[in-house]
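Inspection log for the structure reproduced underneath, given as structure tokens.
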Amino acid sequence: MGEAAKLLRPMGAEEYLAWEASQEERHELLEGVPYAMAGASEAHNLLVGNLYFLLRPAAQARGCRVFFSDMRLRVSERTFYYPDLMVVCGEDPHPLYKERPCLVVEVLSEGTEATDRREKLWRYREIPSLQGYLLVESRTRRVEGYFRTPEGWLYRVWEEGEAEVPCPEARLPLGALYESVGLT
């Protein structure tokens, strides 16, 4: 026998945060509707760890902090994501989520790529503090970046050499980024 029908109604920020605290799985909130998050692959985890290792010294030098996958990003009253990594500079004091990152990074996988490239790109670019959004491929050596400039958003791609990010002013050598990931 199936589960009883439930009325779906959008959650606000406080209701979501209280509900999420009681859940065994993590959920992102999109326009008030929670979505369970899938687990990550070994390559995904290695890439996030390597990114943290590469970005942390530059972030600390500027008085910034680096957060990964378990810290929420509040995009609006009814939308919260768990970015793979984000850099926050200055005051952003809420202990359960951040609102003012200067850099957001998502590691692409087959299951998340469409959302990361469309929905999240569109929403992240609306964050006033955001200076860069990186998409890191987990199946091949490739980093794509969207960067805020006075003229608009600039798109760049790296398949070798060093990816450059404006905040926290760092260079990410692709060799170090993809170290131990098993991609040639």
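The values are calculated or read from the model by the stated rules, or taken from the named source; none is laboratory data. Bear in mind the structure is a predicted one, so any value in this text is a computation, not a measurement. Neighbour counts run over all protein chains shown; Cβ positions are idealised from the backbone, glycine included. Remember, those area values only see protein heavy atoms, side chains included, never the ligands or the DNA or RNA. Shrake-Rupley method; radii C 1.70, N 1.55, O 1.52, S 1.80 Å.
Output the residues belonging to segment 129-150 that are free of Cβ contacts under 8 Å to residues at least 60 places away in the same chain, part of a strand (DSSP E or B) and open to solvent by less than 70 Å² (accessible area, probe 1.4 Å). Reasoning before the result, please.
Our first condition is that a residue be free of Cβ contacts under 8 Å to residues at least 60 places away in the same chain; within segment 129-150, this holds for 129-135, 137, 140-150.
If we keep only those that are part of a strand (DSSP E or B) too, we end up with 132-135, 137, 143-149.
Once the filter is applied, which keeps residues that are free of Cβ contacts under 8 Å to residues at least 60 places away in the same chain, part of a strand (DSSP E or B) and open to solvent by less than 70 Å² (accessible area, probe 1.4 Å), segment 129-150 yields GLY132, TYR133, LEU134, LEU135, GLU137, VAL143, GLU144, GLY145, TYR146, PHE147, THR149.
Does HIS44 fit the bill of being modelled with pLDDT under 95, touching a strand residue (DSSP E or B) at 6+ places or on another chain (Cβ under 7 Å) and either part of a strand (DSSP E or B) or farther than 22 Å from TRP122 by Cα (or both)? Working first, answer last.
On the way: modelled with pLDDT under 95: yes; touching a strand residue (DSSP E or B) at 6+ places or on another chain (Cβ under 7 Å): yes; either part of a strand (DSSP E or B) or farther than 22 Å from TRP122 by Cα (or both): yes.
Yes.
So, in segment 116-125, how many residues would count as being out of contact with any strand residue (DSSP E or B) (no Cβ under 9 Å at 6 or more places or on another chain) and either buried (at least 16 other Cβ atoms within 10 Å of the Cβ) or basic (Lys, Arg) (or both)?
Qualifying residue count for the region: 1.
How many residues are farther than 15 Å from SER69 by Cα and touching a residue at least 12 places away in the same chain (Cβ under 8 Å) when one looks only at segment 22-36?
Of the residues in that region, 5 qualify.
Here is a yes/no grid of residues against (1) at pLDDT 90 or above; (2) open to solvent by 70 Å² or more (accessible area, probe 1.4 Å); (3) in contact with an Asp or Glu (Cβ under 7 Å, 6 or more places away or on another chain); (4) not in a helix (DSSP H, G or I):
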| site | (1), (2), (3), (4) |
| --- | --- |
| ALA4 | no, yes, no, yes |
| LEU8 | no, yes, no, yes |
| TYR16 | yes, no, no, no |
| GLY49 | yes, no, no, no |
| PHE53 | yes, yes, no, no |
| PRO57 | yes, yes, no, no |
| PHE67 | yes, no, no, yes |
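For residues that are of a type outside the set (Lys, Arg) and open to solvent by 50 Å² or more (accessible area, probe 1.4 Å), scanning just segment 94-104, find the one that is nearest to the chain's Cα centre (by Cα).
GLU99
Do you know which residues across segment 29-41 are open to solvent by 40 Å² or more (accessible area, probe 1.4 Å) and either of a type in the set (Gly, Ala, Ser) or part of a loop (DSSP other than H, G, I, E, B) (or both)?
GLU31, ALA36, MET37, ALA38, GLY39, ALA40, SER41
What are the residue pairs meeting all of these: first residue in segment 98-114, first residue more than 15 Å from TYR52 (Cα to Cα) and of a type in the set (Val, Ile, Thr), second residue open to solvent by less than 50 Å² (accessible area, probe 1.4 Å) and in a helix (DSSP H, G or I), Cβ atoms under 8 Å, and 6 or more apart or on different chains?
Listed by first residue and then by second, the contacts come to nothing, as the list is empty.
Looking only at segment 69-81, decide whether some residue is in contact with a helix residue (DSSP H, G or I) (Cβ under 6 Å, 6 or more places away or on another chain), charged (D, E, K, R) and not in a helix (DSSP H, G or I). Talk me through it step by step, then tell me what you get.
Kept after step one, since they are in contact with a helix residue (DSSP H, G or I) (Cβ under 6 Å, 6 or more places away or on another chain), are these residues of segment 69-81: 75, 77.
Filter once more, keeping what is charged (D, E, K, R): 77.
From the residues that got through so far, the ones that are not in a helix (DSSP H, G or I) too are 77.
Within segment 69-81 (the criterion being in contact with a helix residue (DSSP H, G or I) (Cβ under 6 Å, 6 or more places away or on another chain), charged (D, E, K, R) and not in a helix (DSSP H, G or I)), the answer is yes, since at least one residue qualifies.
Let's see how each residue does on (1) crowded, with 16+ Cβ neighbours inside 10 Å; (2) under 18 Å from ALA59 (Cβ atoms):
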residue: ARG78; (1), (2): yes, no
residue: VAL88; (1), (2): yes, yes
residue: ASP92; (1), (2): yes, yes
residue: GLU106; (1), (2): yes, yes
residue: ILE127; (1), (2): yes, yes
residue: GLY152; (1), (2): no, no
residue: VAL157; (1), (2): no, no
residue: CYS167; (1), (2): yes, yes
